[in-house]
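Inspection log for the structure reproduced underneath, given as structure tokens.
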Amino acid sequence: MELHGVHHITAITGDAPGNLEFYVGVLGLRLVKKTVNQDDPTVYHLFYADDAGSPGADLTFFEYPGAGRGLPGAGMVHRVVWRVGSDAALAFWEERLLGAGAGPVRTDASLRFADPEGLEHELVVYDGPDAPLTAAAPGIPSEHALQGFDGVRAYAVDPSTSAPLLGEVLGFRGGEDGRWEVRGAERGGVFRWDPAPPSEPVQGAGSVHHVAFASRREEQEAWQRRVAESGRARPTPVIDRFYFESIYFREPNGVLFEIATIGPGFATDEDPEHLGERLSLPPNFEHLRAQVEKSLTPLSR
């Protein structure tokens, strides 16, 4: 069995309209699914990705209106790392993000910035084997578009305690200097540790809730058993999320991991040409539509 890079990353926002404007209007991602948090259907779950809504490019947000700012700390992902195609793309994004007031910081190899609620991002030039996962957007040349995730960076107090789970159970490779690669036949990515700051972590707007890694659907039950039998983490049963199937567990440093299946996908209940244009509810939530629509923040897109 193999995991195929990062499937999706889920964060929290306190401002869905502002979140939508930044990730669609500034970063040029496509809103591919407008639905609800299936564990709390009174709030949005917004999915941004490439044009096809592919695993590997899917950044999602739960909206808790008015939520206070989060503060990443030990046991939390603190930065989302994206791929671009060239140094020219980094220069394009530096100028575009400056114009948007995002305060980008250029280094020799990357561009770092934060969204309006403080969620950190980094763009890196990628020249590996994975196909680019891009969205068409006004004002963003196709050759400069974001190409999907390279990975994430997370804070840990003692990364060594997580090494057996990452390497022996999940099949991540490496681990030197806190850098792990997770790669399968479909795709790959990087999970990297950084030393945790002394401040206590706070979950809130602009913080990452969990990171999901991609699996084939036919292997999901086996992944659940493998993690459970390892004794390194306590996974949930397989949960049907309608657009994919998931298991969740906390790794030893506290980061919430998900293993999510590649498929069925977001076109299960919408025409691929019209993803994200309406509120989509999985069948077992459809009876709540009238109640849910009244509780959600109006969105203009």
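Annotations for the structure displayed:
- Take each peptide in 41-54, 270-283, 287-300, count the other Cβ atoms within 10 Å of every residue, and average; sorted highest first, the result is 41-54, 270-283, 287-300.
- Take the Cβ atoms of GLU200 and ASP87, set R0 to 30 Å, and the FRET efficiency comes out at 0.20.
- Available extension along the chain between THR161 and ALA131 is 7.5 nm, counting 0.36 nm per residue and deducting the alpha carbon span.
- Spin-label pair THR297/ALA109, simplified geometry with 7 Å Cα→Cβ offset, distance in nm: 3.6
- Selection from ASN19, PRO72, TYR126 lying farthest towards where the dipole of the chain points positive, charges on Cβ: PRO72
- Residues GLU181 and GLU143, FRET efficiency given R0 of 25 Å [Cβ-Cβ distance, rounded to 0.05]: 0.45
- Ellipticity estimate at 222 nm from DSSP helix runs (n ≥ 4, -39,500 (n - 2.57)) divided over the chain, nearest 500: -3500 deg cm²/dmol
- The stretch 152-190-the stretch 228-301 distance, computed between alpha-carbon centres (Å): 24
- Here the extension length gained between GLU286 and ARG250 equals 9.9 nm, from 0.36 nm per residue of separation less the Cα-Cα distance.
- Label point distance in nm, ARG241-GLU21, each placed 7 Å from Cα along Cα→Cβ: 2.8
Since every read-out is calculated from the coordinates, none of them should be taken as a lab result. These numbers come from a predicted model, not from an experiment. Here the Cβ is made from the backbone with ideal geometry for all residues, glycine too, and neighbour counts use every protein chain on show.
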